[in-house]
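The values are calculated or read from the model by the stated rules, or taken from the named source; none is laboratory data. Please read these numbers as outputs of a predicted model, since none were measured by experiment. Cβ placement follows ideal geometry from the backbone for every residue including glycine, while neighbour counts extend to all protein chains displayed. For accessibility, only protein heavy atoms count, side chains too; no ligands or nucleic acids. Shrake-Rupley method; radii C 1.70, N 1.55, O 1.52, S 1.80 Å.
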Amino acid sequence: MTDVSRAAAALRAGELVAFPTETVYGLGADASNPAAVARIFAAKGRPADHPLIVHLPDASHLARWAVEIPESAHRITAAFWPGPLTLILKRHSAVIDAITGGQDTVGLRVPNHPLALQLLREFGGGVAAPSANRFGHVSPTTAAHVRDEFGAAVGIVLDGGPSDVGIESTILDLSSAVPRILRPGMLDAATLASVLGELPRPGGNVEAPRVSGSLESHYAPTTPLRLVADVELDTALREALGRGLSVVVLAPGATAAGNPKLFWQVSSTDPAQYAHDLYANLRRFDELRRDLILIAAPPAGEAWCAVADRLRRAAAGAK
Ligand code: TXA
Ligand code: MG
């Protein structure tokens, strides 16, 4: 039996399977089996009202999971699936409540990774999969990251190498008349607009604060993390080192070497490469066991929107 066949059999038996996607690794379970889906929530420590994305082998499965599918959704899936895009549509009545968090919509995606697609085809149904990390922590982009998160608690981890994109899919809500982006990703609003015929609005970010004034913690390392404007980086670094702290810096420029209290990681000036490296960097910084992570805020602009979103949440969650 191949690894993928064993994984498909485990899904059919109601077990959890971690698998690679092009965005981040997912922690999968049979999306039509309530007991299997409950295992995801238990393993992650995730609140039960957070809905899960259902991963499909191809767009022909849409009608089993969604109803009132607008014509725009078909154009979007034809253009961008398989790919780093989740669609929010009106749920089919057969979709279980544990998937939707009791809402009348469902999140659906066809991931673009050969192992994920093999698994989905062999399983033949929908696989519910959040990112394979404990709730609030940094998402995994390698099989080793998943094992670090869950150890023996997840029996099967398919290893498909490092995820290409590196941050989670763009979430596009087509469940009402106005298309909205609920979570920015590397597939950006302008690219979606080229097929939608209109610019999706930013709206109701799914990971936005539920209580006003407090940011929900997400994608966070365990080391305190501060996001600082480029021009303030030198001052913030000098101040931290002056207090005797050991510091990791992630910034585009190089710096003078030789201070044992300082670990400097040069960041990419290309947003796609920056996103690809981001979570692996954050995990490595935790392993360095420094007192503080200082990150230079990325440039303004659409190309950096998704990276900036994850960095803001990481900083909010790591204090
Ligand atoms: O790239 C990704 O999307 C990865 C890979 C594994 O596919 N998955 C992922 O899942 O990021 P997760 O559970 O970590 O994040 C999914 C987000 C959650 O914030 C959830 O609230 C939102 O999608 N979501 C799922 N279904 C939804 C729905 N019906 N309405 C609004 N938001 C939804
Ligand atoms: Mg997640």
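In table form, for the structure just shown:
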| read-out | value |
| --- | --- |
| Listing of strands (runs of 3 or more DSSP E) fully contained in the stretch 217-317 that carry 3 or more residues being more than 19 Å from Ile167 (Cβ to Cβ) | 247-251, 262-266 |
| Among (1) in a strand (DSSP E or B); (2) more than 18 Å from the chain's Cα centre (by Cα) - the single one Glu198 does not satisfy | (1) |
| Boolean, Gly14 is at pLDDT 95 or above, touching a strand residue (DSSP E or B) at 6+ places or on another chain (Cβ under 7 Å), assigned by TED's automatic domain parsing to the domain that holds Leu117 and within 15 Å of ligand 2 (Cβ to nearest atom) | no |
| Long-range neighbours under 6 Å by Cβ, at least six apart or interchain, first residue outside the structural domain of Ile167 (by TED's automatic domain parsing) within the stretch 81-101, second within 16 Å of ligand 2 (Cβ to nearest atom) | none |
| Residues satisfying the stated conditions in the stretch 23-60, i.e. out of contact with any helix residue (DSSP H, G or I) (no Cβ under 8 Å at 6 or more places or on another chain), surrounded by 20 or more Cβ atoms within 10 Å (Cβ to Cβ) and over 13 Å from Gly126 (Cα atoms) | Thr23, Ile40, Lys44 |
| Subset of the stretch 44-62 that is in contact (Cβ under 8 Å) with a residue 24 or more places away in the chain and outside any loop (DSSP other than H, G, I, E, B) - its residue that is farthest from Arg91 (Cα to Cα) | Lys44 |
| Residue check for Gly136: touching a residue at least 24 places away in the same chain (Cβ under 8 Å), on the phi > 0 side of the Ramachandran plot and open to solvent by 30 Å² or more (accessible area, probe 1.4 Å) | no |
| Selected residue [of a type outside the set (Asp, Glu), in contact (Cβ under 8 Å) with a residue 24 or more places away in the chain and open to solvent by 10 Å² or more (accessible area, probe 1.4 Å)] from Ala275, Ala280 | Ala280 |
| Per-region count, the stretch 150-189, residues assigned to a helix (DSSP H, G or I), open to solvent by less than 60 Å² (accessible area, probe 1.4 Å) and either within 16 Å of ligand 2 (Cβ to nearest atom) or out of contact with any Pro (no Cβ under 6 Å at 6 or more places or on another chain) (or both) | 2 |
| Members of the stretch 83-102 that are touching a helix residue (DSSP H, G or I) at 6+ places or on another chain (Cβ under 9 Å) and either open to solvent by 40 Å² or more (accessible area, probe 1.4 Å) or in a strand (DSSP E or B) (or both) | Leu85, Leu87, Leu89, Arg91, His92, Ala94, Asp97 |
